[in-house]
1. Can you spot a residue in the range B:770-784 that is open to solvent by less than 40 Å² (accessible area, probe 1.4 Å), within 30 Å of B:Glu606 (Cα to Cα) and within 14 Å of chain A (Cβ to nearest Cβ)?
2. For the range B:314-331, what are the residues that are part of a loop (DSSP other than H, G, I, E, B), at negative phi and open to solvent by 40 Å² or more (accessible area, probe 1.4 Å)?
3. Can you tell me which residues in the range A:6-18 are open to solvent by less than 30 Å² (accessible area, probe 1.4 Å) and facing another protein chain (nearest Cβ under 10 Å)?
4. Is it fair to say A:Val21 is part of a strand (DSSP E or B) and facing another protein chain (nearest Cβ under 7 Å)?
5. For residues in the range B:242-275 being within 14 Å of another protein chain (Cβ to nearest Cβ) and within 15 Å of ligand 1 (Cβ to nearest atom), which is surrounded by the most Cβ atoms within 10 Å (Cβ to Cβ)?
6. A:Cys27 is checked against (1) closer than 18 Å to B:Asp556 by Cβ; (2) buried (at least 16 other Cβ atoms within 10 Å of the Cβ); (3) without any contact (Cβ under 8 Å) to a residue 24 or more places away in the chain and fails just one. What number does that condition carry?
7. Take B:Gly150 and decide whether it is on the phi > 0 side of the Ramachandran plot and either in contact (Cβ under 8 Å) with a residue 12 or more places away in the chain or in contact with a Leu (Cβ under 9 Å, 6 or more places away or on another chain) (or both).
8. Mind checking which residues of the range B:721-742 are more than 18 Å from B:Gly696 (Cα to Cα) and open to solvent by less than 10 Å² (accessible area, probe 1.4 Å)?
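The values are calculated or read from the model by the stated rules, or taken from the named source; none is laboratory data. These numbers were taken from a predicted model, which means no experiment stands behind them. Glycine also receives a Cβ, built like all others from the backbone with ideal geometry; neighbour counts cover every protein chain displayed. The area values use the complete protein model at the heavy-atom level, side chains included, leaving out ligands, DNA and RNA. Shrake-Rupley method; radii C 1.70, N 1.55, O 1.52, S 1.80 Å.
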Amino acid sequence: MTTFVDIGALSDVPQQGARVVKTMQGCVAVFRTSDDRVFALEDRCPHKGGPLSEGIVHGDRVTCPLHNWVFDMNSGEAQGADEGMVRTYPIRVENGRILISAELMARKAA
Amino acid sequence: MKKKLVVIGAGMASGRMLEQLFDAAPDAYEVTLFNGEPRGNYNRLMLSPVLSGEKTYEDIVTHDDDWYAANGVDCRFGEPVVKIDRKNRIVYSNKGGAPYDALVIATGSAPFIIPVVGKELPGVVTYRDLEDTHAMIDAGVAGKDAVVIGGGLLGLEAAAGMAARGAKVTVIHLMGHLMERQLDPAAGYLLQKDLEKRGIKVHCKGATKAILGTDRAEAVLLEDGTVYPADLVCMAVGIRPETRLANDAHLEVERGIVVDDAMRTSDPHIFALGECVEHRKQLFGLVAPLYDQAKVLAKTLLDEAAEFVPVQTATKLKVTGCDLFSAGDFAEGEGREDIVFRDPGRGIYKRLVLQDDRIIGVVMYGETGDGNWFYGMMKEGTDISEMRETLIFGPAFQGGSKLDPMAAVAALPPEAEICGCNGVSKGTIMAAVAGGACTLDQMRACTKASASCGTCTGLVQQVMAFAMGGEVQEAPAGMCKCTDHTHEDVRRLIKTMALKSIPAVMQELGWKTVGGCHSCRPALNYYLLAEYPLEYKDDRQSRFVNERNHANIQKDGTYSVVPRMWGGVTTPDELRAIADAADKYNVPMVKVTGGQRIDLLGVKKEDLPHMWADLNAAGMVSGAAYSKGLRTVKTCVGKEFCRVGTQDSTGLGIKLEKLMWGSWTPHKLKLGVSGCPRNCAEATCKDIGVVCVDSGYNISIGGAAGMEVKETEHLASTPSEEETIQIILAVTQLYRENGKYLDRLWKWMSKVGLDWIKAQVVDDLENRMALVERFEISQSVYRTDPWAELSTPAETPKWGPLADLTLEAAE
Ligand SMILES: Cc1cc2nc3c(=O)[nH]c(=O)nc-3n(C[C@H](O)[C@H](O)[C@H](O)COP(=O)(O)OP(=O)(O)OC[C@H]3O[C@@H](n4cnc5c(N)ncnc54)[C@H](O)[C@@H]3O)c2cc1C
Ligand code: HEM
Ligand code: SF4
Ligand code: SF4
Ligand code: FES
């Protein structure tokens, strides 16, 4: 079962925007959509490492700021002609607080 | 002997439960009914029609004295229960006790009060009961100023009711659009428009800071500094289950009183139902599931087996003239698809969310007649794959052969109106095609169809295609995959239809996606701020990273910082401050740019606001080296120093930069001013260049030195520096108002022609001054330093990480 840790208030992340969380497994981008859903994706584009947290959020997609690859934030999958996958992490909102999977507090398994 | 049943709360849920109980077994219990309100059960939902004057209190009473008497209920109204003694099974009000064999808690919920200064002033009400309703009726009748805090279901019914009574109402809503839990932004926009039509002012993204007033409420102050006068303030920001009694009695309480499937609490003699309960982690705020609970509890009390299973509920707003319908889950998600239908002319929006060929969400605005049909299929889990193509058109279109759009056009009678603005019918369009009009332009020229607002363009094309024998016409390329409208159309419609927000554009112009994409959102944001500089608020989230973060992102995710050096002129103090910043933040590279200023490369994101604050303190502002806007004005030293210089080119460059900094343009804009034709500032490969000569100033435009190299073309010559400045500001504004987003000036010029530009800004003096004035109006908003705004103590933390889990793990 996934356990969760509190990383901040929903209101700390702008709608259609993102904030970064530093974790033992690298930076994770926490996105908030215009209808207040949240997603957690590895903050590294599989193309050339662009910070997805700086991309434009539209619906449940995000566009990488460097070369416009588009990712479905549900699955982390690149859309359209581009092929690639970003890791996603369990995340949810409870009582206005954002909770993220506690696995991110642990070092990457060797 | 009859068993004793005590009920706390005479509300919607307990009322229905008692009906069921007496119907099934009139003699099973002797009932005592406590109620906090000094009256029995009435239909709480109908308070809104009472408020708006469409009904009276008498109309909405559900159980009168005769009914209670006939069923032998001991009514203890106006007597709130203050304590439950579980050990001896007695409940107490302040007037006395009542013993029970079975106890039902049905205390409903309490309005949430936001903890702001002034919340306890007289004149601040909530919206829950008849007393609140009367307070609001009084304010309305007296024509007073009212503010409703909260743009959800209750808040809007309160606002509409008071407005109907004559109050001047403002709704303040924290989120970006109204009723965000039930509606998506498009439907929220239509609702706001309808409310504004009835004189209600809506302020979204408004956070209440305080309620002002000495003896009673006088005004509401928002975080952004806005103040709205308010004789009456209605707080409708949400409810929380009324669980105080259950808490004190140490029943199991989470967010609500925890009940099992039979509506029993953690004490086997105590039951609960209504908004005060929590069932399988779920709370309830609408009556439909409460009625199901009432049925179940009546059976449980009669020792019959029954189980409460919550069903999804649909929401409607009871404001006459605002038809909306919302049910299920309408968030986007993987494997989910949307079917969107928009009829901008009639203000209609319908959206179905599908998953695995089943409807899982419905949002409708403007025309909700088919809502229950969709809702029914949603609850049943009906497979809709067979009727997918025509599903959104509702039950009337189902059955028979599948409709393709062409067949739908074929089925229209000749007199059917296609273009609403110009009253052009299908027959007229067919006749025009027969007469030889086979392109959209020709059609517009000869019938005016789709020549005004343009929202019917798609339909006109379909009719033309049908008339030409099904040959599908090539539509002009849309702005992006979200719309068939071209950039030019969108710009024109933003202006003619007075569209002032991104959701407004998307709704009125029939966007095919829900939230746009990375290609149209920045363009729309630019068009809106250029058209409505004073009203539109720049949407940072619709900007590309560099413009959102006011620095250029580098390939490794760090940023470059370029402070402005007016006309390329600097001072020893500025250079020292730049050097200090470079040291302090370990800048790996300091580089002189081609724009005559200094670039600090490799700055970490969280350091940006600190570095900006340091540079601000030394008097420097952002150089906007990242913007689709004014970048630099490159100058040469000119006649002040150069032995062949003819005019003060440096001085003119600085003047121009001071007037134009901060402005947004369709693409980046670079200027150059050279002091003589030797042209050391390379002015003739800039977007706008000035080359000084003995007799004055030669202005030329449309140069470039990128992948394309272009020499500027001569626009005007004048002996006057002042006129030079005016012409440059005017041509910039003309470009701002007409240029397609991401067209450099030369590209725009190649489309509209240099002659047209000359006619607008050189020959027509009046027009030139009007352009200058509009530029100045916009600059009154945008001639500000974003670095200063984004490095305040409140903003600075937002540049760092939200959380650092590496630290917590180490502890
Ligand atoms: C203006 C308005 C419009 C609404 N419109 C709709 C709608 O369109 N559709 C919809 O589905 N729902 C609507 N609702 C919500 C709906 O009214 C509630 O879901 C429903 O009334 C809840 O029923 P209940 O029995 O749990 O609580 P209530 O009906 O609130 O009854 C609780 C009663 O308990 C009493 N009480 C509380 N504490 C004590 C105590 N200690 N001792 C004695 N008595 C106590 C209270 O005085 C109150 O009379 C609306 C609500 C309001 C206020
Ligand atoms: C991804 C695309 C680009 C990036 C990241 C980029 C980056 C930069 C940066 C950081 C500067 C220095 C900042 C300043 O002085 O304002 C600069 C300057 C400059 N860039 Fe680019 N640039 C890009 C595209 C272009 C293109 C397409 C052109 C040509 C049309 C161009 C022409 C110039 C010129 C001429 C300068 C010198 C400034 C001046 O003389 O006005 N750049 N660029
Ligand atoms: S452009 Fe002319 S005035 Fe300016 S520095 Fe060069 S030679 Fe001197
Ligand atoms: S010329 Fe190319 S590599 Fe050099 S700064 Fe401009 S865009 Fe980057
Ligand atoms: S790094 Fe993301 S698209 Fe290139």
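1. No, that holds for no residue.
2. Residues satisfying the conditions are B:Lys318, B:Thr320, B:Asp323, B:Asp329.
3. The answer is A:Ile7, A:Gly8, A:Ala9, A:Val13, A:Gly17, A:Ala18.
4. yes
5. In this case the residue turns out to be B:Gly256.
6. Just one mismatch for A:Cys27, condition (3).
7. yes
8. B:Ala730, B:Val731, B:Thr732, B:Gln733, B:Leu734, B:Tyr735, B:Arg736, B:Gly739
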